[in-house]
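All of the numbers you see were taken from the coordinates with simple rules; none came from a lab. The structure displayed is predicted, hence computed values, not measured ones. Note: ideal-geometry Cβ built from the backbone for every residue, glycine included; neighbour counts use all protein chains shown.
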Amino acid sequence: MKVLMTIMKYIGWCIKGIRRKIRRMSPTQKKLAIVAMIALLAGCFMGNGIGKASEKKRSEKKVQEAVAKVQKKAEEKLDSVEKELYALQDQLHDHSVELPWNLVLVNGLHPMEEGYVPELTEIQPGYSVDTRIANATRKMLSDAEKEGLHVEICSAYRSVERQEQVFGDSMKERVKSGMSYWKAYEETTLNVAIPGTSEHALGLALDLISNQYTELDEKQEETKEAQWLAENCYKYGFILRYPPEKTNITGIIYEPWHYRYVGEEHAAKIKQLGVTLEEYLQEHYQAEEGGQ
Ligand SMILES: [Zn+2]
């Protein structure tokens, strides 16, 4: 209370003092004092206003800088993604353009060109192949015959539509036997190529079996016919396309009956290297031929 009283006294004294001073002022001095007061008050208000405005400007600038930073980062990311995409497109382009017809890769990751139908030649009733491999196929089969072997063709060119039917039938059979749809699909994809990813649609693949054992399972390899083919097919430009222990690369189980034409030169190299077509194209062919 004492402090408050002292302050009140002091304020009163100040006001009295100011009044006394004002009373003593001439009219001109009074006018000047009023003007000075107005100027002082205006200065206070303006100063406050300017301070607020500059603060607003500063925060606006900060926001703008943050937005610019984010934008720059996003643009950089977009640039790098775009670059990667172009590189991938180039690779794909190189691959499809530069591979000769006999080395075209068709598998689960590389579907064939949509709508592609090769020019076909029938080599046995009901069995056709790409015209360019007809002679080599006939020669291989007749040479096997000369050795006293009985090779039968059980599949050659299959259209994509036919492949769809084969795939669907395989799925149905598995579902009928009690498998779930997902399991049936999984098993089917290991045994039958997904339509559009089968070499049979290229007209460059043949399923060849012994007439002594006509099942399409691993025991086929024990027949004399399968053994002769595995040993000699390269001379006619063919490779055993899905060898054992390579399922993780080809995506297809061991098929001792599926032969693919790649041409004599490549077939010999692939056999010698003991690799799949995928490995050959990725590691050997590109390195040797520079993708020509
Ligand atoms: Zn096949």
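Below, the figures for the structure above:
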quantity: Aspartates and glutamates with Cα under 16 Å of K69, excluding same-chain neighbours fewer than 8 positions away; calculated: E60, D79
quantity: Part-to-part distance (alpha-carbon centres) for segment 121-155 and segment 169-207, which is given in Å; calculated: 25 Å
quantity: Peptide ranges 235-242, 135-142 listed from the most packed, as the mean C-beta count within 10 angstrom indicates; calculated: 235-242, 135-142
quantity: Candidate aspartates and glutamates for bridging to K57, where Cα separation is under 13 Å - those fewer than 8 sequence places away on the same chain excluded; calculated: E65
quantity: Highest-first arrangement of 57-68, 164-175, where packing means the average Cβ count within 10 Å; calculated: 164-175, 57-68
quantity: Packing rank of 188-201, 264-277, 104-117, where each peptide gets the mean count of other beta carbons within 10 Å, highest leading; calculated: 188-201, 264-277, 104-117
